[in-house]
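Asker: Got a structure for you, questions after.
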Amino acid sequence: MPLADRVRNPALHQKIMTAEAAAELIPAGANVGMSGFTGAGYPKAVPQALAQRIERLHAAGEAFRIGLWTGASTAPELDGALAKAHGIEMRLPYQSDPVVRQQINAGQMQYTDIHLSHVAQLAWFGFLGHLDVAVVEVAGILPDGRLIPSSSVGNNKTWLDQADKIILEVNTLQNAGLEGMHDIYYGTQLPPHRLPIPLTGPGDRIGEAYLRCDPAKVIAVVHTHQPDRNSAFAAPDDNSQRIAGHIIEFLQHEVKRGRMPADLLPLQSGVGNIANAVLGGLNDGPFKHLTAYTEVLQDGMLDMLRSGKLTMASATALSFSPEALADFNANIDFYRARIVLRPQEISNHPEVVRRLGVIAMNAMIEADIYGNVNSTHVMGTNIMNGIGGSGDFARNAYLSFFMTPSVAKGGAISCIMPMVSHVDHTEHDVEVVVTEQGLADLRGLSPTQRARLIIEKCAHPDYRPALRDYFERAQQGAAGRHTPHLLNEALSWHARYVETGHMLPDAGRKARLHVA
């Protein structure tokens, strides 16, 4: 489709320019809000042109860095390019780029990890600083200046409202059939003027199909024709399939006990191979007429929509493999009737999540024997990605699962620990822990009851004896017996791994390997 067919506002034709010219309009030290959520709907050309400009300025001895705000993670063309140019001073609210991660952990870049539902409010109140420029990918511009959103919404509504100046990337590779798939709610207010969000079902439409945009703030329109970061997902491995099996069996039990309707409750699923395995299991399982209220739609939910197991899905972004994207584009009329894309402040809103009674399924790095979960840090100090939306859903869900294989790094790391090295989700927000070994339902249990269940159900057999030993000695030697810990040992497993490359002691490692 020609650019003229996508840019239907005559005045904005005068603002069409190259990405290089648009990048020149971003000043040093600016806070820049860019679109993008989990590799979807991010600007492709302007960030790369800005990175090249920064490299030239740095070579000439001039300082130039920006604050980079997005919806969530983006792609190498955005995060990666700007990080390689050493052009990011502050990053928020979530990232997954290896170069960005390296610079954050080296202390070369500041990073604020934020619950994704909180970002808009923080921006409205000015806690993040002033937003100077928004760079937003869209699928088209209407005659009155309103915008057809792209493959993600994220924080775009907030960026367009808050920024002094706006740069639009019009991506003609994005399917024109996206028009009408979005639901942009403009009814949120700041306290004390808030009203209930009138959303009572995942498929409800409560807003508008377009993003509002003041044409007077638009300083550049850039044409792109580039795909999103569409990464193929690896086939579910044995551990992922076993985790999925435990969850599906548990859900069947909940239905049988009358704690959940036969068509379950709206599903929320994090991104990754374990999540896709769970969705694949649900697609093959006994449940029908399912719905989803989540933040990202990936291949598994697309399969469920196609099969009819899933009737409706609400999210803020699409994240598909190349094969799934081809199916989506070829059948977009079918999917547009079954998918709603919302701003992340609504897709992740605690009020809505609680009202709908969402089933939350999220990955973790490690859990401890009392049910505290670390989903962001490796060995306590190195950030992996960020908390994302897991906290938004976990605390407010009707049922909250956290999932991980029981070991990592070929067995050198136990993902079930005496004490987590960083806490993102306290024991109060974690109801079910699942590994390939089994499932621990923690609802209604005291800390010591949780510990026994997690050790026996979820820990790998190689580490189970050591966990039993720690817990038994803690019960005898801790100063308090409600949540007994040996403070001089609680983090010793992490320290041992950092020092030796394995969490088990040398002597104990040989004796405990393959102990059932």
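Asker: Taking the radius of gyration and the Kirkwood hydrodynamic radius from Cα positions alone, what is the Rg/Rh ratio for segment 59-158, to two decimal places?
Answerer: Values: Rg = 14.7 Å, Rh = 14.8 Å.
Taking Rg over the Kirkwood Rh, I get 0.99.
Asker: Please state, rounded to one decimal and in Å, the Kirkwood hydrodynamic radius that the chain gives when every pair of distinct Cα atoms enters the mean of 1/r.
Answerer: Computed over Cα pairs of the chain, the Kirkwood hydrodynamic radius comes out at 23.9 Å.
Asker: Against the 2.2 N^0.38 Å scaling, with N counting residues, where does segment 71-217 land? I'd like the Cα-based Rg ratio to two decimal places.
Answerer: Rounded to two decimals, the normalised Rg is 1.13.
Asker: Which translational diffusion coefficient, to the nearest whole µm²/s, is obtained for segment 315-372 from the Stokes-Einstein equation, given a Kirkwood hydrodynamic radius over C-alpha pairs, 20 °C and 1.002 mPa s?
Answerer: It diffuses with D of about 148 µm²/s by this estimate.
Asker: Whole-Hz Karplus ³J(HN,Hα) for segment 423-431, in order, using 6.51 cos²θ - 1.76 cosθ + 1.60 and θ = phi - 60°, x for Gly and Pro?
Answerer: 10, 9, 10, 6, 3, 6, 10, 10, 9
Asker: Still on this structure: Please compute the contact order of the chain in relative form: average sequence separation of alpha-carbon pairs under 8 Å and at least six residues apart, divided by the residue count, as a percent.
Answerer: So the answer I get is 13 percent.
Asker: May I ask for the percentage of alpha-carbon pairs in segment 342-438 that lie more than 20 Å from each other?
Answerer: The answer is 35 percent, as a whole percent.
Asker: With everything on Cα atoms, drop me the angle between helix 238-256 and the longest principal axis of the chain, reported from 0 to 90° to the nearest 10.
Answerer: 80 degrees
Asker: Using alpha carbons only, how many degrees (0 to 90, rounded to 10) separate the axis of helix 447-458 from the longest principal axis of the chain?
Answerer: 80 degrees
Asker: Students often get this wrong: which residues of segment 386-417 have the backbone nitrogen under 20 Å from the point 7 angstrom along Cα-to-C-beta of ARG194?
Answerer: Counting backbone N atoms under 20 Å from the label point, the list is 388-398.
Asker: Place a +1 charge on the Cβ of each Lys and Arg in segment 83-197 and a -1 charge on the Cβ of each Asp and Glu, then give the dipole magnitude about the Cα centre in debye, rounded to the nearest 20.
Answerer: 220 debye
Asker: If you keep only loop residues by DSSP, which GluC sites (Glu not before Pro) in segment 1-101 have at most 16 other Cβ atoms within 10 Å of their Cβ?
Answerer: Working: sites: GLU20, GLU24, GLU55, GLU62, GLU77, GLU89; in loops: GLU24, GLU62.
Those that pass, being in a loop and sparsely packed, are GLU24, GLU62.
Asker: Can you find, among MET379, SER421, ALA106, the residue farthest towards the positive end of the dipole of the chain? Put +1 on the C-beta of Lys and Arg, -1 on that of Asp and Glu.
Answerer: The Cα lying farthest towards the positive end belongs to SER421.
Asker: Still on this structure, please answer the following. Choose one of GLY280, ILE16, TYR335: the residue whose Cα lies farthest towards the positive end of the charge dipole of the chain (beta-carbon charges +1 Lys, Arg; -1 Asp, Glu; about the Cα centre).
Answerer: It is GLY280, whose Cα lies furthest towards the positive end.
Asker: If Rh is defined by the Kirkwood formula over all Cα pairs and Rg also comes from Cα, what ratio Rg/Rh do you get for segment 359-516?
Answerer: 0.94
Asker: So, one more: Counting Lys and Arg as +1 and Asp and Glu as -1, each charge on the Cβ, what is the dipole of the chain about the Cα centre in debye, to the nearest 20?
Answerer: Dipole magnitude for the chain comes out near 700 debye.
Asker: Okay, moving on. Using θ = phi - 60° and the Karplus relation 6.51 cos²θ - 1.76 cosθ + 1.60, list the HN-Hα couplings for segment 463-474 in order, rounded to whole Hz, with x at every Gly or Pro.
Answerer: Computed from phi, the couplings for segment 463-474 are 10, 4, x, 5, 5, 4, 4, 4, 5, 5, 5, 5 Hz.
Asker: If I model segment 263-416 as equal point scatterers sitting on the Cα atoms and use the Debye formula, what is log10 I(q)/I(0) at q = 0.18, 0.19, 0.20 Å⁻¹?
Answerer: -1.10, -1.20, -1.28
Asker: Give me the extension gain from HIS130 to THR112: residue separation times 0.36 nm, minus the current Cα-Cα distance, reported in nm with one decimal.
Answerer: Extra length from HIS130 to THR112 when fully extended: 4.9 nm.
Asker: Ranking request for peptides 94-104, 375-385: highest mean number of other beta-carbon atoms within 10 Å first, then the rest in descending order.
Answerer: 94-104, 375-385
Asker: Continuing with this model, one more query. How much length, in nm to one decimal, is gained on full extension between GLN252 and ASP204, taken as 0.36 nm per residue of separation minus their Cα-Cα distance? Could you put the intermediate results ahead of the total?
Answerer: Values: separation 48, 0.36 × 48 = 17.28 nm, distance 2.71 nm.
Here the segment from GLN252 to ASP204 would lengthen by 14.6 nm.
Asker: Now, a different point. Quick one: which residues, 5+ away or cross-chain, put their amide H under 5 Å from the amide H of TYR293? H built at 1.01 Å from N.
Answerer: For TYR293, the qualifying residues are LEU267, GLN268, SER314.
Asker: Suppose each label sits 7 Å from its Cα in the direction of the beta carbon; what would the ALA21-GLN449 distance come out to in nanometres?
Answerer: 6.9 nm
Asker: List, largest first, the extents of the alpha carbons of segment 159-231 along their principal axes, each in whole Å.
Answerer: 41, 31, 22
Asker: If amide H atoms are built 1.01 Å from N in the plane of the peptide, which residues on other chains or at least 5 residues away come under 5 Å of the amide H of ILE88?
Answerer: Amide H to amide H, under 5 Å and 5 or more residues apart or across chains, ILE88 pairs with ILE66.
Asker: What is the set of long-range amide H partners of THR70 at a cut-off below 5 Å, with H atoms built 1.01 Å from backbone N?
Answerer: MET34, LEU92, TYR94
Asker: Follow-up question, since we're still on this one. In whole percent, how big is the carbon plus sulfur part of the accessible area of segment 1-147, probe 1.4 Å, protein atoms only?
Answerer: So the carbon and sulfur contribution to the accessible surface is 54 percent.
Asker: Solvent-accessible area per residue for the chain at a 1.4 Å probe radius, Å²?
Answerer: On the way: 19550 Å² over 516 residues.
Here the residues of the chain average 38 Å² of exposed surface.
Asker: According to the Cα gyration tensor, what semi-axes, each the square root of 5 times an eigenvalue, does the equivalent ellipsoid of segment 273-341 have, listed from largest to smallest in whole Å?
Answerer: Values: eigenvalues 55, 36, 28 Å².
Calculated on Cα positions only, the semi-axes equal 17, 13, 12 Å.
Asker: More than 16 angstrom separation, counting every C-alpha pair in segment 15-70; what % is that?
Answerer: Roughly 45 percent, rounded to a whole number.
Asker: What whole-number volume per residue, in cubic angstrom, does the convex hull of the C-alpha atoms of segment 394-486 give? Working shown, then result.
Answerer: On the way: hull volume 9.2 nm³, N = 93.
It is 99 Å³ per residue.
Asker: What number, rounded to the nearest 500 deg cm²/dmol, is the helix-based mean residue ellipticity at 222 nm of the chain, given -39500 (n - 2.57) per DSSP H run of at least four residues and division by all its residues?
Answerer: Result for the chain, helices only: -9000 deg cm²/dmol.
Asker: Okay, next question. Kirkwood hydrodynamic radius, computed over distinct alpha-carbon pairs, for segment 171-280: how many Å, to one decimal?
Answerer: Working: mean 1/r = 0.0528 Å⁻¹.
With all distinct Cα pairs of segment 171-280 included, I get 18.9 Å.
The values are calculated or read from the model by the stated rules, or taken from the named source; none is laboratory data. Keep in mind it's a predicted model, so treat the numbers as computed, not measured. FYI the Cβ positions are ideal-geometry reconstructions off the backbone, even for glycines, and counts take in every protein chain you see. Keep in mind that these areas ignore ligands, DNA and RNA; they rest on the heavy atoms of the full protein, side chains included. Shrake-Rupley method; radii C 1.70, N 1.55, O 1.52, S 1.80 Å.
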